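Structure first, then comments.
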Amino acid sequence: MRWARPHRVVLGRRHCFEGGHGESFVPLADLPDMSARWFSVEDVVLSPVVPRAEPAAGLLAAPAAVIVRCESARRGVRVWDGAEPLRLAPGDAYLPRRPTFFVGDLLGGEICGARVDLAPSLPVAAPPADLTARLTAPGGGTLPPVPLPIPPATRRVLLARYHRYYRQPPHFDPQPVAWADVAVVLGALDVVRTGDDRAVRRAVTPLQDAVTALKAEIEHRHPGWLPARSETQKSFHDHLRTILESEGVFEERELLRFDAEHPRALAHGRTSAP
């Protein structure tokens, strides 16, 4: 099958679905041990700072590339990319080095997966005429993604909480912004009252509750995606940020909009521990 680029292809159980934003769901097998969301292959544009690969080595040359992402919450996938198969854990992503690779897994003693060829020069071709009839047969199906319900107010809290992670020095900080600082940036707390514990508690509680509700929704939809760790653990924040990135929370336009609405986010210094 061939797709016009850019495109994202999700491969999993028997299900055929054409999304409205350059996204297709394609079945690989109807096996009970295959996750409903298994893996996806999507176009990416490499940053100009990525060194251009040598064509003689058979490697991809910037800027055209694809990325493989494991969509499953419970099963990993393997990528054969000219060497030993690389195992992707649930949620992991990989940028293949070669324009042709195989991605899939061993299911029921057989290799089940897809060969992927990145060939931008190929003309766009429609899928075979009988494809829809073959793919819509009864059986388990790959589930189209359902966006997380993130209210605008919660998005602002998340942007304020992880704002410095996406900045350049000297504003960069890999730790989440302290809750007291989040409250100051969002106008819920006066900076002169950051030493008043009761005032801080009153200001940050609604902000923390909004994030807690979102975390509960993530756990409900995707058990195991967030580690069973306290919010004080860096691994928790790394996982949460990854999930939020996939929801587009930290896209550049969102960050710029947040900067414009909350100019003191970068000017305000840390007042307390995260």
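Where a number appears in this text, it was derived from the coordinates with a stated rule and is not lab data. Keep in mind that what you see is a predicted model, and the values were worked out from it rather than measured. Every residue, glycine among them, receives a Cβ derived from its backbone with ideal geometry; neighbour counts consider all protein chains shown.
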Original post:
Hey, fewest Cβ within 10 Å first, where do F102, F25, F250, F39 land in order?
Top reply: F102, F250, F25, F39
**OP:** Between beta-carbons, use under 13 Å as the cut-off and find the net charge around D196, counting Lys and Arg +1, Asp and Glu -1.
**Re:** +2
Subject >> Unit charges on C-beta of K, R, D, E only; dipole of the range 152-267, Debye >> reply: 180 debye
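With 10 angstrom as the radius, rank F172, F236, F258 by how many other C-beta atoms surround their C-beta, starting from the fewest. If you can, show how the numbers build up before the last one.
On the way: F172 10, F236 17, F258 20.
Listed from fewest to most nearby Cβ atoms, that is F172, F236, F258.
Let a ≥ b ≥ c be the square roots of the eigenvalues of the Cα gyration tensor of the range 152-267; is it rounded (a/c under 1.5), or, if not, prolate (a/b larger than b/c) or oblate? Show your work: numbers first, answer last.
Numbers: a/c = 1.70, a/b = 1.24, b/c = 1.38.
Judged from the Cα gyration tensor, the range 152-267 comes out oblate (a/c at least 1.5, b/c at or above a/b).
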